[in-house]
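Notes follow once the structure below has been shown.
The values are calculated or read from the model by the stated rules, or taken from the named source; none is laboratory data. Please read these numbers as outputs of a predicted model, since none were measured by experiment. All Cβ positions, even for glycine, are placed from backbone atoms using ideal geometry, and neighbour counts span all protein chains on display. These accessible areas exclude ligands, DNA and RNA; they are computed on the full protein's heavy atoms, side chains included. Shrake-Rupley method; radii C 1.70, N 1.55, O 1.52, S 1.80 Å.
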Amino acid sequence: MGLLTFKGGIHPDDGKRFSKDQPIRPVVPQGELVYPLSQHIGAPAKPVVKKGDCVLKGQLIAEAGGFVSSPIYSSVSGKVKGLEQRFNPTGSQVECIVVENDGEYKEVEYEPVKPLEEMTREEIINKIGDAGIVGMGGAGFPTKVKLSPKEPDKIEYIIANCAECEPYITADYRRMLEYTEDLVSGMKVILSLFPNARGVFAVEDNKKDCIEKLQKAVAGDPRIDVKALMTKYPQGAERQLIYAVTKRAINSTMLPADAGCIVDNVETLIGIHNAVIKGKPLMERVVTVSGDAVEKPGNFMAPFGINHRELVEAAGGLKAEPQKLISGGPMMGFAMVTMDAPVTKTSSSILLFKEDVVAKSLETACINCGRCVEICPSRIIPSRLADFSKRKDEASFVAWNGLECVECGSCSYVCPAKRQLKQAIGSMRKTALANRKKK
């Protein structure tokens, strides 16, 4: 049987050699911690602390601001300096809680946890929500909402997204190797909510060591499988992953639950284990620091709110002044305007490069080569959609299935004319989606 995959996709240099063999190392924050109130899709969290308050590690500092929202916890002990506008990793100035670290890391006393088999479905889901768990692969969708579909009995697959197809990022890879049991435990927690579902760890076949460890960890469990995916970008995109594992297709009007699936990231599953089995809220995540401008690339256990600059210093500092900073991967991440931004729930990596190759590229006219069409995982026509976007022709953009774009950037990567197809399509797609919600 062949490896599971989808039509289209590309094979960029994965860059994982820089950090894949570097074990996860803890980082102790030195200065103030900054907690943006919006670290998730949905309503911002609401502060429950004020300037001058003393807080402990693990203490709630902002509660969920609605059903689609998520609470935030302090990752250190210290004093609240106030609510301030600060830069987040995407370059926006947002409302943040600023805590001055006292260096003592005094922690709250957590409530005793009940064994999983003694907990009700509602108790488990509430624990996940109360712990502040969100999709930590980049989307940031509150996990409590994802685990509350209208028809839970129709969920047939719980898919652990272990692909990590973005170049350079190795945070999930190290998590799979070093926290295998916690990852499997998180899967079992979710399976306890959906009696008709099977669990699937979907791993790209370039991570054979992870596949072997997971297979040993789930041996004998009739409800969990480990499946190898073809190594290809964007294998970890939600729609492509669902199709690869189940051969079920979803579109922009559907949710994974409509195809009987729930997809969660590696970091999210480990967060679920910590919340339900250990009773601890979400306070940290693994972040990859990599790129050719970093002295010693690696993977770091980073408390939320720590400054990215501190992570770079933990990686040995800079060996050259970077022209390009990226939060996340080079394909779907965000260009950073400064390293002085906090790590949030969706911060998978910071990449630093000596050269900004994209900025130096000269865009020329489309030569109608069809490469963008050939590799598009959504089976649409990126070159034409980009033209509609530039002409602000929203009706044609929608008619030609522009909303089905997953903004993976594969089209921009292969374009010999160096056209910024993803950016053009993404801009119009956001406008069209916003207008669709108004109807």
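For the chain, the list of Cys residues with no other Cys C-beta under 4.7 Å reads Cys54, Cys96, Cys162, Cys165, Cys210, Cys261, Cys366, Cys369, Cys376, Cys405, Cys408, Cys415. In sequence order, segment 22-34 has phi-based couplings of 9, x, 5, 10, x, 10, 9, x, 9, x, 6, 10, 10 Hz under the Karplus curve 6.51 cos²θ - 1.76 cosθ + 1.60, θ = phi - 60°, and Gly or Pro positions carry x. Beta bridges from DSSP with both residues in the chain: antiparallel share about 60 percent, rounded to the nearest 5.
For the residue pairs Lys114/Lys154; Lys278/Lys324; Lys7/Lys127; Lys154/Lys439, alpha carbon separations beyond 32 Å are given by Lys278/Lys324; Lys7/Lys127.
For the chain, modelled as a GNM whose springs connect Cα atoms under 10 angstrom apart, the maximal fluctuation among Val373, Val28, Val48 occurs at Val48. For Arg25, nonlocal amide neighbours, meaning residues 5 or more places apart or on other chains whose placed amide H falls under 5 Å from its own, are Asn299, Phe300, Met301. The Ala365 and Asp225 beta-carbon pair, evaluated with R₀ = 41 Å, returns a calculated FRET efficiency of approximately 0.30. Pairs exceeding a 20 Å alpha-carbon distance, out of Lys208/Lys232; Lys146/Lys422; Lys360/Lys418; Lys144/Lys345: Lys146/Lys422.
Rounded to the nearest 0.05, what FRET efficiency do Lys46 and Leu116 have when you use their Cβ-Cβ distance and R0 = 35 Å? Approximately 0.70, to the nearest 0.05.
Which value in deg cm²/dmol, rounded to the nearest 500, describes the helix-derived mean residue ellipticity at 222 nm for the chain, given -39,500 (n - 2.57) per DSSP H run of n ≥ 4 and division by the residue count?
Value at 222 nm, helices only: -7500 deg cm²/dmol.
Relative protection proxy for 418-429, 294-305, from highest mean packing down: 294-305, 418-429 (other beta-carbon atoms within 10 angstrom).
Once Rg and the Kirkwood radius are both taken over the C-alpha atoms of segment 1-126, their ratio Rg/Rh works out to 1.09. Here the Karplus curve 6.51 cos²θ - 1.76 cosθ + 1.60, taken at θ = phi - 60°, turns the phi angles of segment 134-151 into couplings of 9, x, 9, x, x, 6, x, 6, x, 5, 4, 5, 4, 8, 10, x, 4, 10 Hz, with x standing for Gly and Pro.
Taking 0.36 nm per residue of separation and subtracting the Cα-Cα distance, full extension of the segment from Leu255 to Glu109 would add 48.8 nm. Each peptide in 74-83, 229-238 was scored by the mean count of other Cβ atoms within 10 Å over its residues; highest first, the order is 229-238, 74-83. Of the solvent-accessible surface of the chain, computed with a 1.4 Å probe and all protein chains present, 52% belongs to carbon and sulfur.
Ordering 128-135, 403-410 by mean Cβ neighbour count within 10 Å, with the highest value first, yields 128-135, 403-410. Taking every C-alpha pair closer than 8 Å and separated by at least 6 residues, the mean separation divided by the residue count of the chain gives a relative contact order of 19 percent.
What fraction, in whole percent, of alpha-carbon pairs in the chain exceed 29 Å separation?
47
Just so you know, the averaged projected area of the alpha carbon convex hull for segment 208-262 sits at 4.5 nm².
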